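**Student:** Sharing a structure, written as structure tokens. Questions coming.
The values are calculated or read from the model by the stated rules, or taken from the named source; none is laboratory data. None of the values given here were measured: they were computed from a predicted structure. Note: ideal-geometry Cβ built from the backbone for every residue, glycine included; neighbour counts use all protein chains shown. To get the accessible areas, we keep the full protein, side chains included, count just its heavy atoms, and leave off ligands, DNA and RNA. Shrake-Rupley method; radii C 1.70, N 1.55, O 1.52, S 1.80 Å.
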Amino acid sequence: MKSPRWLNRLGSSLIIGGQAVTATARGRINTVDLLDQLQEAGPGSFLIVIITSLAAGTVFNIQITKELSSMGASATVGGVLAVGLAREIAPLLTATLLTGKVATAYAAQLGTMKVTEQIDAITMLRTDPVEYLVVPRLIAMVVMAPVQCLLFFGVAIWSAQISSTELYAIPPEVFWSSVRSWLLPDDMPFMLIKALVFGLQIAVLSCGWGMTTQGGPKEVGTSTTGAVVMILVTVALMDTVLTQILFG
């Protein structure tokens, strides 16, 4: 019985990811391409992260503040928001945004190179395509995903404080005092660990799907869509596992 194609591609992606991690550990890094990938995964994606975090912080605040204020617990709004953002919303939404912005680019770029035989040409030049193409993208995502997550958290909690003060007259000092008292010392480091793991998943799967594209240019779109779906599913599953390990 023939195994599903997505399962074969998942296995190939994990092998490619393992090779990329090994090459990185050995210092075999294409530093020229690395700067471009850091730009794309970092500053090139800041705007979408900022806009989404502004909206998320405000909307989440409106939903929670209304309920807590009706129960006379408005002094806890900041803490509830901070815990929710740090433990779940910031890393998960950041991963989703990076999947849509960066993973699609990785899968499409490498998929196009695969079907146009550019990767074969790189191999013929005695250059490892994994070291040349995948390693810079993997490093960029592992470095920038926590940075983007921290940016998301900071902007979201700031927008939540502004909206809670303007819409529900909660004093800023009350809001920030609640944040400090509710957030545990491990919450922020664990948030960044989640983001790092998600960044690794995004890089491995998007590059893996791109490198295993077969057929003509039409298959590039199919590979890109497949990579996004697989990333979202596996990130959701990994989020469950990490939440139980880190916060359970």
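**Student:** Given the options Leu205, Leu200, Leu167, name the one that is touching a residue at least 24 places away in the same chain (Cβ under 8 Å), in contact with a helix residue (DSSP H, G or I) (Cβ under 9 Å, 6 or more places away or on another chain) and crowded, with 22+ Cβ neighbours inside 10 Å.
**Tutor:** Exactly one of Leu205, Leu200, Leu167 is touching a residue at least 24 places away in the same chain (Cβ under 8 Å), in contact with a helix residue (DSSP H, G or I) (Cβ under 9 Å, 6 or more places away or on another chain) and crowded, with 22+ Cβ neighbours inside 10 Å, namely Leu205.
**Student:** Would you mind finding the one in Val220, Val204, Val228, Val197 that is over 29 Å from Gly57 (Cβ atoms) and at pLDDT 95 or above?
**Tutor:** Val204
**Student:** Out of (1) open to solvent by less than 30 Å² (accessible area, probe 1.4 Å); (2) of a type in the set (D, E, K, R); (3) more than 27 Å from Leu192 (Cα to Cα), the odd one out for Arg126 is which?
**Tutor:** So Arg126 meets the others, but not (1).
**Student:** Something else now. Determine whether the range 131-140 contains at least one residue that is open to solvent by 40 Å² or more (accessible area, probe 1.4 Å), free of Cβ contacts under 8 Å to residues at least 12 places away in the same chain and within 26 Å of Thr22 (Cβ to Cβ).
**Tutor:** No - not one qualifying residue is present in the range 131-140.
**Student:** Could you pull out the residue among Phe60, Phe152 that is within 25 Å of Leu47 (Cβ to Cβ), open to solvent by 20 Å² or more (accessible area, probe 1.4 Å) and touching a residue at least 12 places away in the same chain (Cβ under 8 Å)?
**Tutor:** When all the criteria are applied, what remains is Phe60.
**Student:** Sort through Leu98, Leu35, Leu54, Leu47 and tell me the only one that's crowded, with 20+ Cβ neighbours inside 10 Å and part of a helix (DSSP H, G or I).
**Tutor:** Every option except Leu98 fails the conditions.
**Student:** I'm told Gly215 meets every condition in (1) part of a helix (DSSP H, G or I); (2) open to solvent by 30 Å² or more (accessible area, probe 1.4 Å); (3) touching a helix residue (DSSP H, G or I) at 6+ places or on another chain (Cβ under 8 Å) except one. Can you identify the failing condition by its number?
**Tutor:** (1)
**Student:** Still on this structure: All but one of (1) farther than 25 Å from Leu54 by Cβ; (2) buried (at least 20 other Cβ atoms within 10 Å of the Cβ) hold for Gly221; state the number of the condition that does not hold.
**Tutor:** (2)
**Student:** Moving to a separate point now. Of the residues Met191, Met144, only one is closer than 23 Å to Leu246 by Cα, touching a Cys at 6+ places or on another chain (Cβ under 9 Å), part of a helix (DSSP H, G or I) and at pLDDT 95 or above; which?
**Tutor:** Among Met191, Met144, only Met191 is closer than 23 Å to Leu246 by Cα, touching a Cys at 6+ places or on another chain (Cβ under 9 Å), part of a helix (DSSP H, G or I) and at pLDDT 95 or above.
**Student:** Among the numbered criteria (1) over 17 Å from Val147 (Cβ atoms); (2) in contact (Cβ under 8 Å) with a residue 24 or more places away in the chain; (3) surrounded by fewer than 24 Cβ atoms within 10 Å (Cβ to Cβ), which one does Gly111 miss?
**Tutor:** (3)
**Student:** Turning to a different aspect of this structure: Does the range 116-131 contain any residue that is outside any helix (DSSP H, G or I), of a type in the set (A, V, I, L, M) and under 30 Å from Gly221 (Cβ atoms)?
**Tutor:** Checked the range 116-131: at least one residue is outside any helix (DSSP H, G or I), of a type in the set (A, V, I, L, M) and under 30 Å from Gly221 (Cβ atoms).
**Student:** I'm trying to understand the selection: among the residues of the range 22-32, which are open to solvent by less than 80 Å² (accessible area, probe 1.4 Å) and in contact with a helix residue (DSSP H, G or I) (Cβ under 7 Å, 6 or more places away or on another chain)?
**Tutor:** Residues satisfying the conditions are Ala23, Thr24, Ile29, Asn30.
**Student:** Looking at this structure, is Val59 in contact with a Leu (Cβ under 8 Å, 6 or more places away or on another chain), of a type in the set (Val, Ile, Thr), part of a helix (DSSP H, G or I) and modelled with pLDDT under 95?
**Tutor:** No: the conditions fail for Val59.
**Student:** Being assigned to a loop (DSSP other than H, G, I, E, B) and in contact with a helix residue (DSSP H, G or I) (Cβ under 9 Å, 6 or more places away or on another chain) is the filter; apply it to the range 170-188 and report the residue that is surrounded by the most Cβ atoms within 10 Å (Cβ to Cβ).
**Tutor:** Selected residue: Ile170.
**Student:** Sticking with this structure for a sec: Which condition breaks for Ala82 when tested against (1) assigned to a helix (DSSP H, G or I); (2) surrounded by fewer than 19 Cβ atoms within 10 Å (Cβ to Cβ)?
**Tutor:** Exception for Ala82: condition (2).
**Student:** Given the options Thr104, Thr65, name the one that is part of a helix (DSSP H, G or I), modelled with pLDDT of 90 or more and hydroxyl-bearing (Ser, Thr, Tyr).
**Tutor:** None of the others qualify; the one that does is Thr104.
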